[in-house]
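Below you'll find the structure, written out as structure tokens, and then a few comments.
The values are calculated or read from the model by the stated rules, or taken from the named source; none is laboratory data. Just so we're clear, the structure is a prediction, and the values are computed from it rather than from any experiment. When we count neighbours, we look across all protein chains shown, and the Cβ atoms used for this are built from the backbone with ideal geometry, even at glycine.
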Ligand SMILES: [Zn+2]
């Protein structure tokens, strides 16, 4: 079935790592959403009482930034799972080279080989 360089066993390892990460991110996101609604509620109470809500506002922004990161990572993890099921997993998105298993094990959602990834990162940093 496999159309890439990975063995069935390696694919299974990566798949379980991805599924685990997906669950972790789901839980973290749920916790942040809970934190957000608590902060919202506390802010309303404080405002009603005329207190300063700057501290809470800061915490809310940290929660929002974290949630953004997690949503993005969740997207990458889901995309990696789809690639894994589609049989195109582990090939560099830029040069189609086979991404070594070691790299995939450390970063199962990796889209590019090491060389392309560092080129890509430099490119986005310059563009930003
Ligand atoms: Zn590449």
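Right, residue 95: part of a loop (DSSP other than H, G, I, E, B) and within 15 Å of the ligand (Cβ to nearest atom) or not?
Judged against the criteria, residue 95 is a match.
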Completion exercise
Per the list (1) away from the ligand (no atom under 15 Å from the Cβ); (2) within 21 Å of residue 71 (Cβ to Cβ); (3) exposed (fewer than 14 other Cβ atoms within 10 Å of the Cβ), residue check on residue 86 breaks on (2)
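Can you find, within the range 98-119, the residue that is farthest from residue 6 (Cα to Cα) among those that are in a helix (DSSP H, G or I) and near the ligand (Cβ under 9 Å from one of its atoms)?
At the first step, the residues of the range 98-119 found to be in a helix (DSSP H, G or I) are 101-106, 114-119.
Then drop every residue that is not near the ligand (Cβ under 9 Å from one of its atoms), which leaves 114-117, 119.
Working: 114: 17, 115: 20, 116: 20, 117: 20, 119: 25 Å.
Among residues in the range 98-119 that are in a helix (DSSP H, G or I) and near the ligand (Cβ under 9 Å from one of its atoms), the one farthest from residue 6 (Cα to Cα) is 119.
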Exercise for the section: Name the one entry in 20, 64, 29 that is modelled with pLDDT of 95 or more, more than 16 Å from the ligand (Cβ to nearest atom) and out of contact with any strand residue (DSSP E or B) (no Cβ under 8 Å at 6 or more places or on another chain). Expected result: 20
Problem - Subset of the range 1-17 that is at pLDDT below 75 and loosely packed, with under 12 Cβ neighbours inside 10 Å - its residue that is nearest to residue 103 (Cα to Cα) - result: 3
